[in-house]
């Protein structure tokens, strides 16, 4: 199995990077949709319906599959011999940040359900503030992988 992972390493890495890009695009865009939804739509009006559809499709058809691919191919990279040295700090920092990104994804999914039920409790300002979290996590992840501290 480890021989196969070593042979597939460049492919696993390429697919992982493409999935990360797609997932991050959604992670940055969905809270921005929530900002506009909270500030510009009234429950039941035409804008509300358009935002609900956009949010649902972004999460269901782009973000969820991307997150799954990130995890599957990321774990394949972790199990590839010689790639991760767990005695260093960087894989632990990356792991904690990925768990944080996954939590944020799930938090966004919960907020989308609130909008779908017409029960959103947060304002645009709160969504703007929450949108800073994935930026911080992304910085930690990229620095961890590139610099390998």
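Each value in this text was obtained by applying a stated rule to the coordinates, not by laboratory testing. Worth saying up front: this structure is predicted, and the values here are computed from it rather than measured. Neighbour counts run over all protein chains shown; Cβ positions are idealised from the backbone, glycine included.
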Open item on the list: Which numbered condition in (1) assigned to a helix (DSSP H, G or I); (2) without any contact (Cβ under 8 Å) to a residue 12 or more places away in the chain is the only one that residue 15 fails?
Closed with: (2)
Open item on the list: Looking for something surrounded by fewer than 18 Cβ atoms within 10 Å (Cβ to Cβ), in a loop (DSSP other than H, G, I, E, B) and out of contact with any strand residue (DSSP E or B) (no Cβ under 8 Å at 6 or more places or on another chain) - is there at least one such residue anywhere in the stretch 68-77?
Closed with: no
Task: Per-region count, the stretch 1-42, residues under 17 Å from the mean Cα position of the chain (by Cα) and loosely packed, with under 15 Cβ neighbours inside 10 Å - done: 6
Task: Subset of the stretch 93-116 [under 17 Å from residue 40 (Cα atoms) and either touching a residue at least 60 places away in the same chain (Cβ under 8 Å) or outside any helix (DSSP H, G or I) (or both)] - done: 111, 112, 115, 116
